[in-house]
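Since the structure comes first, as structure tokens, the remarks are kept for the end.
The values are calculated or read from the model by the stated rules, or taken from the named source; none is laboratory data. As the structure is a computational prediction, the values presented were derived from the model and not from experiment. Here Cβ is always computed from backbone atoms with ideal geometry, including for glycine, and neighbour counts include all displayed protein chains. These area figures cover heavy atoms from the full protein model, side chains too; ligands, DNA and RNA do not enter into them. Shrake-Rupley method; radii C 1.70, N 1.55, O 1.52, S 1.80 Å.
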Amino acid sequence: MYIVQIASECAPVIKVGGLGDVVYGLSRELEGRGHCVELILPKYDNMGYDQIWGMHDAYRDLWVPWYGGAIHCSVYCGWVHGRLCFFIEPHSGDNFFNRGCYYGCHDDNMRFAFFSKAALEFLLRSNKRPDVIHCHDWQTGLVPVLLFEIYKYNGMWNQRVCYTIHNFKHQGFGGSEILWATGLNRESYYFHYDRLRDNFNPFSLNFMKGGIVFSNFVTTVSPNHGLEVQFGDYSYGLGHTLYLHQNKFRGVLNGIDYDIWNPEIDRFIPATYTAKTLADKAKNKKALRDRLLLQDVDKPIVAYIGRLDEQKGVHLVHHAIYRALFKKAQFVLLGAATERAIGSWFAHEKRHLNDNPDIHIELGFNEELSHLIYAGADLIVVPSHYEPCGLTQMIGLKYGAVPVVRGVGGLVDTVFDRDYDTQKLPEQRNGYVFYQTDPAALESALDRAIDLWYESPAQFRQLQAQGMGYDYSWNYPGKEYLEIYDLICYR
Ligand code: ADP
């Protein structure tokens, strides 16, 4: 099968969060199963060019229709750790992707509407006719709309679209200017409840809704989140649209790439280890302490790695720092804030706790340090308010860092409470779960985890080993996506 992924991120060259990991990991898995996979990405000025091998011109003069005229683009091609990627660079005064950032510009909707259009124009002009176009999140929500309303009539009549929603919180909005710019035009047609009109703001188009309505199949990133968005209030207003399209909607659990996230072969950590040589994890713990200037004492290390965002339950992350201290544990935080207020809050905490030998707060994005933290930590907290899938708990499990999570979204599908789980046998349980969003709830799980570390080290090691035994690779999700592709291509 010939699959083209259109996305705004692909790790490690462009990574803000889990989306980048998923786009890369899924592509690799599909290729490993013998399928032809190509990726189309924006050519951002700030992406990791050192991660691209053999970058060269692939299509020099691509003219992408835009408003009444056209924008001249160049398409470059290169390999990102073995994956064939095409990078689109527009040459226009808008400087869509030369902003020194991936997201957060006032015209993000225009930037990614343009990217969606350019990606299809590139496929059309270069005569690429994939069986499946797999696109991701609001940034590419217009791809199926443009495909089935315009490009289908220009020669791309046989393509099918699978659309994956990684985060319902960010849906992408715009007004009629989006229609004029992309050539969709026909305001009254698109500003219709059955098409792109936002479910709550009649004057706005919703990119993600367009993706749901027009795609052949829609997925989100875990089965439990699939239920939450249909029957709970986690869909940020798209619940009714999902209800109408329930026959083509499913939650598929993300995987993680065990070629990158694997303590047996990880090149970023000083001592590799397996569940059988778990004692070697202590060498990484020592290296982590040395690197972050934490005191070398007999205490567990609790870690948090992730964006510092309301969605991640920042108030509970903050509480976990002090609770860990109170329970005589050490705490390491690695995170980049998504809002200035949260950034200043944690910058203040960092200054305040700077001299404490049991705490380290690292603000910013550091992939290499994250590997050492997973390898050195005993516990990893994921107290998310909302979590479509969550990769950190799955990575933590693989590294023997026992997850302490809030039971929401994909965390419910992947972490099973050691003491109270009702689905798994005791020898299959792998972490600690709490449900409410208040500090006491977090304590109820974190305290049990730290107590086990102190009071029953052998049982704690057993729990770590049980977690390491789980297979959260792309093996199963890869199979499931291929079933979906088959379904939409051949039904
Ligand atoms: P998100 O909601 O951000 O997509 P996920 O749990 O799905 O959250 O994925 C987070 C990914 O990003 C993981 O691979 C995690 O290790 C990584 N990550 C998050 N923040 C940082 C950071 N500050 N430095 C390095 N890696 C990070």
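Residue by residue, here is whether (1) touching a strand residue (DSSP E or B) at 6+ places or on another chain (Cβ under 9 Å); (2) basic (Lys, Arg); (3) within 16 Å of the ligand (Cβ to nearest atom); (4) part of a strand (DSSP E or B) holds:
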position	(1), (2), (3), (4)
3	yes, no, no, yes
16	no, no, yes, no
20	yes, no, yes, no
24	yes, no, yes, no
30	yes, no, no, no
41	yes, no, no, yes
44	yes, no, no, no
59	yes, no, no, yes
72	yes, no, no, yes
Every residue from segment 112-138 that is open to solvent by 10 Å² or more (accessible area, probe 1.4 Å), assigned to a helix (DSSP H, G or I) and closer than 12 Å to residue 211 by Cβ: 138
Contacts under 9 angstrom Cβ, first residue in segment 315-332 being without any contact (Cβ under 8 Å) to a residue 60 or more places away in the chain, partner small (Gly, Ala, Ser) and open to solvent by less than 10 Å² (accessible area, probe 1.4 Å), 6 or more apart: 330/324; 331/303; 331/320; 331/324; 332/303; 332/376; 332/377
In segment 281-311, the residues that are open to solvent by 30 Å² or more (accessible area, probe 1.4 Å) and within 16 Å of the ligand (Cβ to nearest atom): 291, 307, 310
Checklist (1) surrounded by 15 or more Cβ atoms within 10 Å (Cβ to Cβ); (2) modelled with pLDDT of 95 or more applied to residue 476, failing item: (1)
Filtered residue count, segment 336-371, keeping only those that are exposed (fewer than 15 other Cβ atoms within 10 Å of the Cβ), away from the ligand (no atom under 16 Å from the Cβ) and not basic (Lys, Arg): 7
Test set (1) open to solvent by 40 Å² or more (accessible area, probe 1.4 Å); (2) touching a helix residue (DSSP H, G or I) at 6+ places or on another chain (Cβ under 8 Å); (3) at negative phi - residue 81 fails condition number: (3)
Odd one out for residue 408, checked against (1) surrounded by 24 or more Cβ atoms within 10 Å (Cβ to Cβ); (2) within 30 Å of residue 265 (Cβ to Cβ); (3) among the hydrophobic types (A, V, I, L, M, F, W, C); (4) within 15 Å of the ligand (Cβ to nearest atom): (2)
